[in-house]
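Here the structure is laid out as structure tokens; the discussion comes afterwards.
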Amino acid sequence: MRKFAVLLLILILVLASVALWLGHGDVASEALSEKSATAIHEVVASAGAVYSTTFPDVDGQIQRLGQWEQRLLLVNFWATWCGPCKEEMPILAKLQARFGDKNLQIVGIAADSPLNVANFSKKAPVNYPLLVDEMGAIQFSRRLGNRLGLLPHTVLFRPGGEVIYNRLGVISEGELSDIINKHTPIVFKSD
Amino acid sequence: MAATSLSASVARAEPELLQAENAFQLSAQRKDAKTIGLEFKIANGYYMYRKRFRFSVEPASAAKLGKAKFSKGKMKLDPTFGLVETYRDSVHILLPIVLSSKVSLSTNAQPARLIVTSQGCADAGVCFPPVRQAITLPPFGTALVFPDNVVSTGSSGGPLTTGVHDGSNSPKQPPVNNN
């Protein structure tokens with residue numbers, strides 16, 4: 001009987017050790033997950049701050065985002081060194097062509113040098129304005145929830161400044177088309 | 001004017017991403033009296049661009065850098081720029097450096113630093129902004145030995161945290177090319 005009790009005690013100790021080890025594993029997993037970060041965070045820029053923001057275009061002319069305040073404004077942060085950014089630019093151009101007369105205005109803001117963007121524009125022109133600010137673009141993108149400063153980053157503002165779409169990574173044409181459709185006026189064509 | 005707002009429904013569920021300094025871990029080693037060996041360990045699912053590496057010294061008068069030699073990467077077709085060289089798992093760099101005697105004469109001078117700028121992307125479909133990391137260089141006349149630390153001095157747009165890496169146990173390096 002006493003031998004059985006000793007064996008039982010050893011079994012309990014072994015099980016407790018295993019449980020402790022497994023528990024330690026959980027702690028390690030938690031520590032690892034702290035190093036990673038979910039991409040989109042809270043937008044800290046007010047609509048007023050967004051519309052008063054200015055960036056130079058490829059020609060060096062200062063452009064104020066507020067000039068598109070009454071439009072459905074889609075801001076796309078990108079760079080010529082960002083492969084995924086360039087992949088989605090034809091999609092953005094298609095959306096601008098399709099919804100441009102329904103109040104959509106796409107604006108690209110490049111975290112890049114004016115020279116790189118100018119050279120890129122010659123090779124692959126787009127049908128929407130490209131603004132350029134190597135340092136400022138990422139800073140502005142961070143204020144719109146992109147804490148890690150990743151590219152591409154796309155934000156859609158309803159007229160007046162409410163954010164209705166905020167996406168890191170390559171956009172989905174179907175998803176964005178649906179959202180734009182919901183927020184663009186229906187145009188009745190007369191015969 | 002209405003303030004911008006971001007409800008939970010606006011932001012789609014995003015994959016978790018590593019911070020840049022964890023995705024691309026830099027360590028430095030002495031290779032010989034005039035060469036620094038740099039290694040980036042690249043996390044699974046991430047890659048770096050060969051042409052996006054930059055090296056400089058602060059202050060600029062502290063040392064002269066030679067032409068860096070890189071391990072061989074993989075060629076990838078970029079729709080705009082044609083073939084570009086990229087790295088997965090790791091990249092090894094040999095950087096010739098000649099420390100200047102002028103700077104070490106000033107005892108109050110800040111230690112010279114090698115600034116390494118790099119840039120990479122994740123397979124999740126996003127790219128990190130360029131990251132600047134600093135390695136403190138030893139004074140002229142002393143052995144080219146590095147403390148086991150690399151400090152991220154920030155990316156374009158915001159500061160990053162400090163990373164500590166032990167460069168003393170790095171695996172044997174593959175051959176490098178002269179591109």
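The values are calculated or read from the model by the stated rules, or taken from the named source; none is laboratory data. Source: prediction; values computed, not measured. Heads up, the Cβs are rebuilt from the backbone with ideal geometry, glycines too, and the neighbour counts pull from every protein chain shown.
Structure summary
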| read-out | value |
| --- | --- |
| The stretch B:42-97, subset in a strand (DSSP E or B) and polar (S, T, N, Q), residue surrounded by the fewest Cβ atoms within 10 Å (Cβ to Cβ) | B:SER56 |
| Scope the stretch A:147-159; condition more than 8 Å from chain B (Cβ to nearest Cβ) and either within 18 Å of B:GLU16 (Cα to Cα) or assigned to a strand (DSSP E or B) (or both); matching residues | A:ARG147, A:HIS153, A:THR154, A:VAL155, A:LEU156 |
| Residues being farther than 21 Å from A:LYS94 by Cβ and either within 11 Å of chain B (Cβ to nearest Cβ) or surrounded by fewer than 18 Cβ atoms within 10 Å (Cβ to Cβ) (or both) - total across the stretch A:115-136 | 8 |
| Residue count, the stretch A:53-96 (criterion: farther than 29 Å from B:MET48 by Cα, polar (S, T, N, Q) and either in contact (Cβ under 8 Å) with a residue 24 or more places away in the chain or touching a Lys or Arg at 6+ places or on another chain (Cβ under 7 Å) (or both)) | 5 |
| Complete set of residues in the stretch A:90-114 that are buried (at least 21 other Cβ atoms within 10 Å of the Cβ) and either within 17 Å of A:LEU150 (Cα to Cα) or within 12 Å of another protein chain (Cβ to nearest Cβ) (or both) | A:GLY108, A:ILE109, A:ALA110, A:ALA111, A:ASP112 |
| 1 or more residues over 21 Å from A:ILE171 (Cα atoms): qualifying helices (runs of 4 or more DSSP H) within the stretch A:40-132 | A:47-51, A:114-123 |
| Checking A:SER33 against (1) at pLDDT 95 or above; (2) more than 21 Å from A:LEU104 (Cβ to Cβ), the condition it does not meet | (1) |
| Condition check for B:ASN44: within 14 Å of chain A (Cβ to nearest Cβ), on the phi < 0 side of the Ramachandran plot and at pLDDT 95 or above | yes |
| Positions within the stretch B:22-33 being surrounded by 22 or more Cβ atoms within 10 Å (Cβ to Cβ) and in a helix (DSSP H, G or I), in sequence order | B:ALA23 |
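A quick yes/no check of all residues on (1) within 7 Å of chain B (Cβ to nearest Cβ); (2) modelled with pLDDT of 90 or more; (3) buried (at least 18 other Cβ atoms within 10 Å of the Cβ):
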| position | (1), (2), (3) |
| --- | --- |
| A:GLY145 | yes, yes, yes |
| A:ARG167 | yes, yes, yes |
| A:ILE171 | no, yes, yes |
| A:ASP178 | no, yes, no |
